[in-house]
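Peer 1: Before I ask anything, let me first share the structure, which is written out below as structure tokens.
The values are calculated or read from the model by the stated rules, or taken from the named source; none is laboratory data. In this text, all values refer to a predicted model and were calculated from it rather than measured experimentally. Positions of Cβ are generated from backbone atoms using ideal geometry, with glycine treated the same way; all protein chains shown enter the neighbour counts.
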Amino acid sequence: MTQVKLTEMAENIVNQIISSDAVEVSYGPIGGLHIYTDNIDMNDEGMTINTKEDDDIGVPFITNESLNMAQIVDGKIEIPLFDVNFNWTAIISLYKLNKVVAIN
């Protein structure tokens, strides 16, 4: 099996995802999953965005093929998800968390 390499654009998108503090992911019937980027794993075949370990509403594995087709539309990342059972698009919003000062 030939391993798919990321394009320069896909690498840029992955770097933006990984360098954010958190992401919000929506796809198919699932909307508004908030995930810290510490829970995003990359390997040679693609990206896994982990929710709770026992959660059935996780984000499907995103292959390098899908990442290579990712686009930035209106400031959000759109990644097509292909599987035998569905054909959805993951919409990812990036967040940076800011330190706030406690007030009495």
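Peer 1: Within region 23-40, how many residues turn out to be part of a strand (DSSP E or B) and surrounded by 12 or more Cβ atoms within 10 Å (Cβ to Cβ)?
Peer 2: 10
Peer 1: Moving on to the next point. Return yes or no: is Leu94 surrounded by 11 or more Cβ atoms within 10 Å (Cβ to Cβ), among the hydrophobic types (A, V, I, L, M, F, W, C) and part of a helix (DSSP H, G or I)?
Peer 2: Numbers: surrounded by 11 or more Cβ atoms within 10 Å (Cβ to Cβ): yes; among the hydrophobic types (A, V, I, L, M, F, W, C): yes; part of a helix (DSSP H, G or I): no.
Criteria not met by Leu94.
Peer 1: Just checking, how many residues over region 4-17 are loosely packed, with under 14 Cβ neighbours inside 10 Å and over 15 Å from Ser66 (Cα atoms)?
Peer 2: Looking only at region 4-17, we keep the residues that are loosely packed, with under 14 Cβ neighbours inside 10 Å, and these are 5, 8, 11-12, 15.
Subsequent filtering for residues that are over 15 Å from Ser66 (Cα atoms) retains 15.
Qualifying residue count for the region: 1.
Peer 1: OK, next. Mind checking whether some residue in region 51-69 is at pLDDT 85 or above, farther than 14 Å from Ile30 by Cβ, within 12 Å of the chain's Cα centre (by Cα) and surrounded by fewer than 17 Cβ atoms within 10 Å (Cβ to Cβ)?
Peer 2: Scanning region 51-69 turns up no residue that is at pLDDT 85 or above, farther than 14 Å from Ile30 by Cβ, within 12 Å of the chain's Cα centre (by Cα) and surrounded by fewer than 17 Cβ atoms within 10 Å (Cβ to Cβ).
Peer 1: Against the definition (modelled with pLDDT of 80 or more, out of contact with any Gly (no Cβ under 6 Å at 6 or more places or on another chain) and exposed (fewer than 10 other Cβ atoms within 10 Å of the Cβ)), how does Gly46 come out, yes or no?
Peer 2: no
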